[in-house]
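Enquirer: Got a structure here, written out as C-alpha cells. Questions coming.
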Amino acid sequence: PTVCPVGNHYQIMIVTEREALLSVQVGEKTYYYHQNGIRLSSPGVHQFTIPMSVLDTAGAYTVIIENMIARQPYFSTTEPAYELQYAFHPLTKQENIHIYHLADVHGKWEKAVGAAQYAQKLKNLNSLDLLIVNGDISSTSETFEDMTLVYKIASHITEGTFPCLISRGNHDLRGIGAQKLSSYMPGENGKSYYSFRIGCIWGLLVDAGEDKPDTHEAYGGTICCHAFRMEQDSYIENIIQNASSEYDKEDVKYKFIVSHIPFPFKREAPFDIEKELYARWGKLLKDHIQPDLMLCGHTHDFAISAIGSDLDELGQPCPIIIGSDVKKTEDNEIILAGAYIHLSEHQAEVIFNTDKEIIYSDMITI
C-alpha cells in the first residue's frame, strides 16, 4: 500500500493485478473500494479514503484481500480472505523532519529506490518521515505498468508505513492510458491539484500540465491544459479566501508548494508558455500563502534557486529545490539523483545524492 495525503484525508492506494475484493480496516471500522455501494474487484489501483485523524490515532491498518473466483449475478465466490497488517507512523514532530524527493525517474525505478535508501543510510535513519514522488516516473502512460510504477517505488521505500505525496508530471499526460490516469492516482474529486496536511506541514500541490502550447503538433489536439490551468487558478484563489481553514491554522509550521514543473523559471521556446498566468501564480503564492519551500523536478538537474536567481524569471514565491538529476555516463549508464531534505528550526539541509554518492549539499534558511 501507499498512503497518500490529500486534503485532510489519507488515500491508501493498493495495486492489484487480478480480480479481488479489497478492504482496509482501521480500528473497528472497515473501509471499502466501491462505487455507490458496489464493491469493485477489477484489476487496477484500489483507493481507500480515511480521515487523517483516524489513521494517525490508530497507528496501524489492516488490508483484507479476497481473491475473486467468479463474480456473477448471484452467489459470487472468492477465495478465503487473508490479512496483511501494517504499522503507520504519522508525522507528529515539529522539528528534525526527514523528507526524500524524487522526480523524472523515467522508468529507472531501482535507481530511485537506491537513492532514497542511500540517504537513509547516510543519515542513519530507520525511516523517513515523508516521501515525495514528483512526476515523470514513467516516460509515458501507455501501459498498466507505466501508470503503477510510482507505487512500486513508493512501496519499496515506505513499505506502507509513512506518508507519500504523489504528483503528476507532463510525461504522465502522454499515451493512451492517460485518459484513465485520474483513477490511478490520488486526488481530490478527480482533480490532480489539491492542498494537503502532513503533521505540521501544509502544502499545495500545483499541476502545470504539459510544457508546450496546447496547439503543439506533438499533442495532436489531445490536451487542453490552458483551460485546466485556468480552473486551477480559481482553485488557488479559493484556497486564499479560505486561508483560516488552510495555511493560516495555528499548528502549521512549514508551508510547501509542490509542482513537477518549476513554472517561475526562465524557459526557451516552445516551452515559454503561460508567462502572464505563471507570474500571477507566483505573486498570489508569495503575497498570500508565503510558502517556505517549493519542490520541483522537470529540468533533469539539481538546483537550489533563491528568489531573484538567474533561473527566476517570473517571480518565485520562495526558494525552489529542483530535486531531480538525470545524466548519462560515458558508458551510457543512467545516473539518477534525488534530494534529501532535513527540516529543523527553520533551516533546510539539502543533500542531492545518487544510489552511491553525494553530489552536492547546502543549508538554506526558510
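The values are calculated or read from the model by the stated rules, or taken from the named source; none is laboratory data. A quick note: this is a predicted structure, and the numbers were derived from the prediction, not measured. Heads up, the Cβs are rebuilt from the backbone with ideal geometry, glycines too, and the neighbour counts pull from every protein chain shown. Each accessible area value is taken on the protein alone, full model and side chains, heavy atoms only, with ligands, DNA and RNA left out. Shrake-Rupley method; radii C 1.70, N 1.55, O 1.52, S 1.80 Å.
Enquirer: Scan [x] 0.98; [y] 1.33; [z] 1.03 for the value of Cα Rg over 2.2 N^0.38 Å calculated from this model and give just the label.
Expert: Given [x] 0.98; [y] 1.33; [z] 1.03, the structure-derived one carries the label [x].
Enquirer: For the pairs K93/K266; K191/K266; K111/K283; K152/K356; K191/K249; K121/K180, note any where the Cα-Cα span goes beyond 31 Å.
Expert: K93/K266; K111/K283; K121/K180
Enquirer: Can you give me the distance in nm between label points at K283 and E188, each placed 7 Å from the Cα along the Cα-to-Cβ direction?
Expert: Calculated label separation equals 2.4 nm.
Enquirer: Same structure, new question: Given the C-alpha centroids of the stretch 203-224 and the stretch 244-313, what is the distance between them in whole angstrom?
Expert: Between the Cα centre of the stretch 203-224 and that of the stretch 244-313, the gap is 18 Å.
Enquirer: With Rg and the Kirkwood Rh both taken from Cα atoms, where does Rg over Rh land for the stretch 102-203?
Expert: On the way: Rg = 13.9 Å, Rh = 14.2 Å.
In the stretch 102-203, Rg relative to Rh is 0.97.
Enquirer: Carbon and sulfur together cover what percent of the accessible area of the stretch 42-148 at a 1.4 Å probe radius?
Expert: Using a 1.4 Å probe with all protein chains present, the stretch 42-148 comes out at 51 percent carbon and sulfur.
Enquirer: Treat every Asp and Glu Cβ in the stretch 241-366 as -1 and every Lys and Arg Cβ as +1, leave all other atoms uncharged, and give the resulting dipole magnitude about the Cα centre to the nearest 20 debye. Don't skip to the end; give the middle numbers.
Expert: Numbers: 12 positive and 23 negative charges, 71 e Å.
Using Cβ point charges on Lys, Arg, Asp and Glu, the stretch 241-366 gives about 340 debye.
Enquirer: Would you mind telling me the antiparallel percentage of the DSSP bridges in the chain, rounded to 5?
Expert: Details: 68 of 89 bridges.
About 75 percent, rounded to the nearest 5.
Enquirer: With +1 on the Cβ of every Lys and Arg and -1 on the Cβ of every Asp and Glu, and nothing else charged, how large is the dipole of the stretch 215-273 about its Cα centre, in debye rounded to the nearest 20? The partial results should precede the final answer.
Expert: Numbers: 6 positive and 10 negative charges, 39 e Å.
Its charge dipole is roughly 180 debye.
Enquirer: Hey, another quick one. Can you list the residues, at least 5 places off or on another chain, whose amide H is less than 5 Å from the amide H of Y194, using H built in the peptide plane?
Expert: Amide H neighbours of Y194: L205.
Enquirer: Among L149, L40, L343, which one shows the biggest mean-square fluctuation in a GNM of the chain, springs joining Cα atoms closer than 10 Å?
Expert: Checking each option, the largest mean-square fluctuation is seen for L40.
Enquirer: Would you mind telling me which residue in A103, A269, A116 has the biggest mean-square fluctuation in a Gaussian network model of the chain, where springs connect alpha carbons within a distance under 10 angstrom?
Expert: A269
Enquirer: At 0.36 nm per residue, and after removing the present C-alpha to C-alpha distance, how many nm does the segment from T77 to E276 gain when stretched out fully? Provide the component values of the computation, followed by the final result.
Expert: Working: separation 199, 0.36 × 199 = 71.64 nm, distance 5.74 nm.
Full extension from T77 to E276 adds 65.9 nm.
Enquirer: Amide H to amide H, which residues 5 or more places from H298 or on other chains are under 5 Å from it, using H placed in the peptide plane?
Expert: For H298, whose amide H was placed from the backbone, the distant partners under 5 Å are D104.
Enquirer: Additional query: Report the full-extension gain for the segment R39 to K249: residue separation times 0.36 nm, less the Cα-Cα distance, to one decimal in nm.
Expert: Numbers: separation 210, 0.36 × 210 = 75.60 nm, distance 3.68 nm.
The R39-K249 span can extend by a further 71.9 nm.
Enquirer: Okay, next question. How much FRET efficiency would the formula 1/(1 + (r/R0)^6) give for N126 and H300, where r is the Cβ-Cβ distance and R0 is 41 Å, rounded to 0.05? Provide the component values of the computation, followed by the final result.
Expert: Values: r = 31 Å, r/R0 = 0.76.
FRET efficiency, N126 to H300: 0.85.
Enquirer: Quick one: dipole size for the stretch 1-138, taken about the Cα centre, charges +1 on Lys/Arg Cβ and -1 on Asp/Glu Cβ, in debye to the nearest 20. Before the final figure, lay out each step's value.
Expert: Working: 9 positive and 12 negative charges, 27 e Å.
In debye, rounded to 20, the stretch 1-138 gives about 140.
Enquirer: On full extension of the chain, what length is gained from D310 through S139, given 0.36 nm per residue of separation minus the C-alpha to C-alpha distance?
Expert: Working: separation 171, 0.36 × 171 = 61.56 nm, distance 2.85 nm.
Separation in residues times 0.36 nm, less the Cα-Cα distance, equals 58.7 nm.
Enquirer: I'd like the GluC sites (Glu not before Pro) in the stretch 284-366 restricted to DSSP loop residues with at most 14 other Cβ atoms within 10 Å, sorted by number. The partial results should precede the final answer.
Expert: Numbers: sites: E313, E330, E333, E345, E349, E357; in loops: E313, E330, E333, E345, E357.
Answer in residue order: E330, E333, E345, E357.
Enquirer: Shifting gears a bit: How far apart, in nm, are two points set 7 Å out from the Cα along the Cα-to-Cβ line at I64 and at K266?
Expert: 5.9 nm
Enquirer: Ok, one more. In the stretch 59-115, which chymotrypsin sites (Phe, Trp or Tyr not before Pro) are in a loop and have at most 11 other Cβ atoms within 10 Å, using DSSP for the loop call?
Expert: Values: sites: Y61, Y74, F75, Y82, Y86, F88, Y100, W109; in loops: Y74, F75, F88.
Those that pass, being in a loop and sparsely packed, are Y74, F75.
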